[in-house]
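The values are calculated or read from the model by the stated rules, or taken from the named source; none is laboratory data. Please read all numbers here as calculations on a predicted model, not as lab measurements. Please note: Cβ atoms are built from the backbone with ideal geometry, for glycine as well, and neighbour counts cover all protein chains shown. In case anyone asks, the SASA skips ligands and DNA or RNA and just uses the protein heavy atoms, side chains included. Shrake-Rupley method; radii C 1.70, N 1.55, O 1.52, S 1.80 Å.
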Amino acid sequence: MKNLLKKELKLALHPTAPLFLALSAMLMIPNYPYLVAFFYTGLGVFFTCLLGRENDDIGYTLLLPVSKRDVVRARFTVVAALQLLQMLIAAPFAALRQLLVPEGNLAGLDANVALFGFAFVLYGGFNLIFFSTYYKDVRCVGASFILSSVWVFLWIGAVEACTHVVPYMRACIDTPDPAHLTEKLVILAVGAAVYALLTVAAYRRAMRLFEKQDL
Amino acid sequence: MTPLEVVGLNKAYPAFRLTDVSFALEKGKITGFIGRNGAGKSTTIKSLFNLVHPDSGEIRFFGLDYEGHEREIKQRVGYVSGAFAYYGKKKLRAITSVTKAFYSNWDDAAYKDCLHRFALDENKTPEQLSAGMKVKYALALALSHGAELLILDEPTSGLDPVSREDLLELFLDLCDAGKTIFFSTHITSDLDKCADRIVYIQNGRIVADDTLEGFVDAYRLVQADPKKLTQEQTEKLIGPRRAKHGVTALIRAQDADSFARPSEKADLEQIMVHLEKEEAE
């Protein structure tokens, strides 16, 4: 597994994937739909899979002394690491945003604890849709990305719209920290749990599909 | 113990079918795997590595079933494709440093020796290599992890005649060193020069599995004017093709005496060309 992770990082990872982590700084924009910042990690995953197709990454990897399951496990490990890393990098920007610009976010949800719960759900849905499609046919990277992007933007649209039209969201969730912190922490915990569940489901489904796939 | 044994491999696609593909390789020999484009060579090779899932059949490397021994088998097998296209913009040094970590028998000295022998520059990227050099790099990787069996998939396609000759000499050297080579190609003239055995696949079926001499000696090539042939002679022609003067066709070696004009020995290409014509008719 260590060798496959090394292969992922040294040969397979698209350079934009780690660079997009810096877009966590978008949480510093005074008024912006902050969930969009989390879309870019998915874009980096898409670029990595696209680059893999052009480089015949799967062909190279499957001729190494590894199994198809190992290949899926390594890719999920790297993707989950990128997603969690973005959470870690984004957190100080969210704190800084609230410190420097105490006024709320006029464009949508504040950069608060709840934002990360919603971002977790965004990632979980992305993983389930993207990898369920990708590992059905690793040549169809574009279709995987289009389908998962539809989910991402529907989710972003729904969450941001709720901050304007749902009174509970407006009064309780779309507020600067530490106001209503308990509710926001619950959203964060539920979001993290949904992320874990959807990612594990995506991983199992991806392994099953990839195992069956004729290359 | 045979390095590779395939028994009763079947795989059905909507428009193509591998049917009861069976063959075995002899240790230290070059086995040519021939057939026209689309005959099933690539599907067979992909099945060996489970990249394509056969509907039925058995594949054993070194007496071991692939399932359950995949990692062990891959340590002992090298795959070299003429269409090497991995990580075109990465330096060979980077690809090697990743690849070597997967092999318990990786031999740095053997790798350096291959780099020197093949004049490979590790600071180049695959994109900067010619087709022949890409094959040599893939071979260098396979030889450095001590592969006992080399599966070569169209390794000489797109190479100039000199590079092809260089590679063929190299394959002969490797066999002398005890390596077993399974050489898939539709450039049959390469096999005339180096193969010990021939496995011929046609429309997904193995139609010949013999020594090169046995396979070639089974046929003769005749040129004839069809108007001057008797009905009996015409029936003995295999895959007649129009030529400048009359037709050329294969005949079975034992039928050679039935023809007044002396027949010639056929090479692999001529045999394949006429057998394919016969199959198409």
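Which of the residues that make up region A:7-22 are within 9 Å of chain B (Cβ to nearest Cβ) and either open to solvent by less than 70 Å² (accessible area, probe 1.4 Å) or among the acidic types (Asp, Glu) (or both)? Residues satisfying the conditions are A:7, A:11, A:12.
I'm trying to understand the selection: among the residues of region A:170-185, which are in contact (Cβ under 8 Å) with a residue 12 or more places away in the chain, among the hydrophobic types (A, V, I, L, M, F, W, C) and surrounded by fewer than 20 Cβ atoms within 10 Å (Cβ to Cβ)? Those that are in contact (Cβ under 8 Å) with a residue 12 or more places away in the chain, among the hydrophobic types (A, V, I, L, M, F, W, C) and surrounded by fewer than 20 Cβ atoms within 10 Å (Cβ to Cβ): A:181, A:185. Restricted to region B:74-94, and to residues there that are more than 7 Å from chain A (Cβ to nearest Cβ) and part of a helix (DSSP H, G or I), the residue that is farthest from residue A:6 (Cα to Cα) is B:76.
Taking the criterion of being small (Gly, Ala, Ser) and part of a helix (DSSP H, G or I), the residues of region A:161-215 that qualify are A:161, A:171, A:189, A:191, A:192, A:193, A:196, A:201, A:202, A:206.
Within region B:181-211, the set of residues being open to solvent by 20 Å² or more (accessible area, probe 1.4 Å) and not in a strand (DSSP E or B) comprises B:186, B:187, B:189, B:192, B:193, B:196, B:203. Only residues that are aliphatic (A, V, I, L, M) and surrounded by fewer than 18 Cβ atoms within 10 Å (Cβ to Cβ): list them for region A:37-63, please. Within region A:37-63, A:43, A:50 meet the criteria.
Could you say whether any residue in region B:142-165 is of a type in the set (Ser, Thr, Tyr), within 25 Å of residue A:55 (Cβ to Cβ) and in a helix (DSSP H, G or I)? Among the residues of region B:142-165, at least one is of a type in the set (Ser, Thr, Tyr), within 25 Å of residue A:55 (Cβ to Cβ) and in a helix (DSSP H, G or I), which makes the answer yes. The helices (runs of 4 or more DSSP H) located wholly in region A:14-72 that include 2 or more residues which are in contact with a His (Cβ under 6 Å, 6 or more places away or on another chain) occupy A:39-54. Number of residues in region A:86-112 that are of a type in the set (S, T, N, Q) and in a loop (DSSP other than H, G, I, E, B): the value is 2. In the condition set (1) open to solvent by less than 20 Å² (accessible area, probe 1.4 Å); (2) farther than 18 Å from residue B:139 by Cβ; (3) out of contact with any Leu (no Cβ under 8 Å at 6 or more places or on another chain), residue B:89 is compliant with all but (1). Screening region A:78-102 for residues that are within 30 Å of residue A:211 (Cα to Cα) and open to solvent by 60 Å² or more (accessible area, probe 1.4 Å) and picking the one that is farthest from the other protein chains (Cβ to nearest Cβ) gives A:84.
The residue that is most open to solvent (accessible area, probe 1.4 Å), among those in region B:249-281 that are part of a helix (DSSP H, G or I) and among the acidic types (Asp, Glu), is B:257. Listed by first and then second residue, the pairs linking a residue in region A:186-215 that is more than 14 Å from chain B (Cβ to nearest Cβ) to a residue that is open to solvent by 50 Å² or more (accessible area, probe 1.4 Å) and of a type in the set (D, E, K, R), with Cβ atoms under 7 Å apart and 6 or more places separating them unless they lie on different chains, are A:207/A:69. Within region B:233-248, the residues that satisfy the criterion of being outside any loop (DSSP other than H, G, I, E, B), out of contact with any Ser or Thr (no Cβ under 8 Å at 6 or more places or on another chain) and not acidic (Asp, Glu) are B:234, B:238, B:239, B:242, B:247, B:248.
Going residue by residue through region A:161-182, is there one that turns out to be of a type outside the set (A, V, I, L, M, F, W, C) and within 23 Å of residue A:48 (Cβ to Cβ)? Checking region A:161-182: not a single residue is of a type outside the set (A, V, I, L, M, F, W, C) and within 23 Å of residue A:48 (Cβ to Cβ).
Evaluated against (1) open to solvent by 50 Å² or more (accessible area, probe 1.4 Å); (2) touching a residue at least 40 places away in the same chain (Cβ under 8 Å), residue A:71 falls short on exactly one condition, (1).
If you go through region B:95-106 and keep only what is of a type in the set (Gly, Ala, Ser) and either open to solvent by less than 30 Å² (accessible area, probe 1.4 Å) or outside any loop (DSSP other than H, G, I, E, B) (or both), you end up with just B:97. On the stretch given as region A:145-169, residues that are among the aliphatic types (A, V, I, L, M) and crowded, with 20+ Cβ neighbours inside 10 Å total 3. May I ask you to verify whether residue B:113 is more than 14 Å from every other protein chain (Cβ to nearest Cβ) and either open to solvent by less than 60 Å² (accessible area, probe 1.4 Å) or at pLDDT 90 or above (or both)? Judged against the criteria, residue B:113 is not a match.
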